[in-house]
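One structure is given below, encoded as structure tokens.
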Amino acid sequence: MSILHVENLTKTYQSSNGPLTVLHDVSFDIQAGDTFSIVGPSGSGKTTLLGLCAGLDRATSGSVFLNDIRLDNLGEDQRAAVRNQHVGFIFQNFQLLPTLTALENVMVPMELQGQRNAEKTARELLERVGLGQRGHHYPTQLSGGEQQRVSLARAFSNRPKILFADEPTGNLDTETGDTVQSLLFDLNREAGTTLVLVTHDLDLAQRTQRIIRVKGGTVVSDQKLMSERVKE
């Protein structure tokens, strides 16, 4: 079953020098449970593409269907509701709420959904990412790797159908990045979530089942790889 269907997606911004098209006529389909990478040089449009797929922005033309919901017909509040219900996020700069503890950050998506036992689930997820003793710490009291592990726990807390990760190891050293990568793929496999990665790290991209390369706002290649499950 298709969890994400992208059809003839184009995004144009108005700049001081006139219209600037950063994505042009992009189409692809992702099946539920797949792992998928979007790679390309800086300025190629890959982060813009991720934002459109996740409903963070609206395309100039074309359509995005997320879990059979057409996003381009929805208003901002409606897209936010879809994200809260179906989507998890991991960002390069962590984006934890600085006034909340690690535990409270993980609880936020569940509380927005009105889930019961949010604190119990959040504690279990922090334990799963190796931070069971750090739940009372604030983001500034945690290292970059620890903050990203908190964001991993938060991303999976609302049991998303699809997880979007934008350069999830981009701000981490190699050893810490490897730890976060392993946790990301392990948690994703356990949850059966669809994973969409934006990365410039080809080693990370090659851990997914499929890589599309974007250059100058267009898809220049679409490569299917051996799945991570088979590799292991």
**Fill in**
Once amide hydrogens are built 1.01 Å from N within the peptide plane, the residues lying 5 or more places from LEU163 or on another chain with amide H under 5 Å from its amide H are GLY88, THR194, LEU195, VAL196
**Asked** Once Rh is set to the Kirkwood radius over Cα pairs, what Stokes-Einstein translational diffusion coefficient, in µm²/s, holds for the range 116-161 at a temperature of 10 °C and a viscosity of 1.306 mPa s?
**Response** 148
**Prompt:** Shape of the range 1-101 from its Cα gyration tensor (a ≥ b ≥ c, root eigenvalues): rounded if a/c is under 1.5, otherwise prolate when a/b > b/c, or oblate?
**Reply:** rounded
**Item:** Beta bridges per DSSP with both ends in the chain, % antiparallel, nearest 5
**Value:** 55
**Request:** Taking only Cα atoms and a 10 Å spring cutoff, compute GNM fluctuations for the chain and point out the largest among PRO98, PRO41, PRO19.
**Result:** PRO19
**Message:** For a quick check, take a GNM of the chain with Cα springs below 10 Å and name the residue from LEU195, LEU112, LEU20 with the largest mean-square fluctuation.
**Reply:** LEU20
**Prompt:** Got a number for the accessible area of ILE3? Probe 1.4 Å, square angstrom, nearest 10.
**Reply:** 10
**Item:** Part-to-part distance (alpha-carbon centres) for the range 131-193 and the range 73-105, which is given in Å
**Value:** 14
**Message:** Checking the a/c ratio against 1.5 first, then a/b against b/c, what shape does the Cα gyration tensor give for the range 82-187?
**Reply:** oblate
**Prompt:** Which one of ARG149, ARG210, ARG116 has the biggest mean-square fluctuation once the chain is modelled by GNM with Cα springs under 10 Å?
**Reply:** ARG116
**Complete:** Across the chain, qualifying lysine pairs (alpha carbons under 23 Å, at least 8 places apart or different chains) come out at 8
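The values are calculated or read from the model by the stated rules, or taken from the named source; none is laboratory data. Computed from a predicted structure; not experimentally measured. The protein model used for the area step is the full one, side chains on, heavy atoms only, and it has no ligands, DNA or RNA in it. Shrake-Rupley method; radii C 1.70, N 1.55, O 1.52, S 1.80 Å.
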